[in-house]
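A short write-up of the structure that comes next.
The values are calculated or read from the model by the stated rules, or taken from the named source; none is laboratory data. Note that the structure is predicted; figures quoted are calculated from it, not measured. So basically every Cβ, Gly included, is an ideal-geometry build from the backbone, and we count neighbours across all protein chains shown. Side chains included, ligands, DNA and RNA excluded: accessible areas come from the protein's heavy atoms. Shrake-Rupley method; radii C 1.70, N 1.55, O 1.52, S 1.80 Å.
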Amino acid sequence: MMKTKAVIMKATGLCKSFANNGGQNHVLDMVNLEIYDGDFTVIMGSSGAGKSTLLYVLSGMDNPTQGEVCYRDRTVSHLQEREMAMLRAKEFGFVFQQAHLVSNLTLFENVAVAGYLDKYKSEKMVRERAKELLARMNVEKASGRLPSQVSGGEAQRAAIARAMMNEPGMIFADEPTGALNKRNTQEVLNLLTSLNESGQNILMVTHDMKAAVRATRLLYLEDGRIIGEMSMPPYSSEDAKSRERQVDAWLSSMEW
């Protein structure tokens, strides 16, 4: 019998609207969603479908107009900003299309500074954790350089290290390979896949088929509603082509 996965995050009746020329633009429309522990969840959909908005609302970077988000059985969608900031710092890691590293800090300092948000970590613990993560992301040789002195791939791998600094329960990734070339895209996807294989929960928005095939669960968003989903076994490079065909067929059925 297949073991039922635990729910780590749940959205109920999630709506998000923006004022637009005297009217309302409904970006999310009654989204009901469960994110399961251990999954690499990928959200796809056409431009303007509400993918990034959904990611921002789930992660507490934006508030829903209606509905609620629960994380580990705790309602978090209407927390005070200070409480939400603490939750994001301790439980959530973020990776965006651009690395968004602090320009006057080295890669090591960019990663380490996130650790100082946790008052229970000593400076020694922070430095050791940052060093370990930079090595794991294969960017330790560039750790003393500024973001302007490294490649886009190195900067993005450092951004993933920063996201992992406080051992988050969930990593939110918004088009993390969108600004990278083919080689760096592959390296970043391999890192994210490796993290998921070690138990890291990942929720990623992407337009990229090469990124989508890394998912264990795919969701399709259209006009602010989830209209389809597909589950797959954990990624293996040996069946990458087969997965691409499977995802392509599924996306075609969604009229992507």
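Listed by position, the strands (runs of 3 or more DSSP E) enclosed by the range 153-256 that each have at least 1 residues that are open to solvent by 10 Å² or more (accessible area, probe 1.4 Å) and either under 25 Å from T4 (Cβ atoms) or not hydrophobic (A, V, I, L, M, F, W, C) (or both) are 170-174, 217-222, 225-231. For the range 48-62, name all the residues that are in contact with a helix residue (DSSP H, G or I) (Cβ under 7 Å, 6 or more places away or on another chain) and either among the aromatic types (F, W, Y) or farther than 17 Å from N201 by Cβ (or both). If the condition is that a residue be in contact with a helix residue (DSSP H, G or I) (Cβ under 7 Å, 6 or more places away or on another chain) and either among the aromatic types (F, W, Y) or farther than 17 Å from N201 by Cβ (or both), then D62 is the only one that fits.
A quick yes/no check of all residues on (1) open to solvent by less than 10 Å² (accessible area, probe 1.4 Å); (2) charged (D, E, K, R); (3) not in a loop (DSSP other than H, G, I, E, B):
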residue: I43; (1), (2), (3): yes, no, yes
residue: L54; (1), (2), (3): yes, no, yes
residue: E83; (1), (2), (3): no, yes, yes
residue: S103; (1), (2), (3): no, no, no
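Which one of A142, A135 is under 17 Å from Q156 (Cα atoms), modelled with pLDDT of 95 or more and open to solvent by 30 Å² or more (accessible area, probe 1.4 Å)? The conditions single out A135. Is it fair to say G22 is open to solvent by less than 70 Å² (accessible area, probe 1.4 Å), on the phi > 0 side of the Ramachandran plot and at pLDDT below 95? Considered against the rule, which asks whether it is open to solvent by less than 70 Å² (accessible area, probe 1.4 Å), on the phi > 0 side of the Ramachandran plot and at pLDDT below 95, G22 comes out as no.
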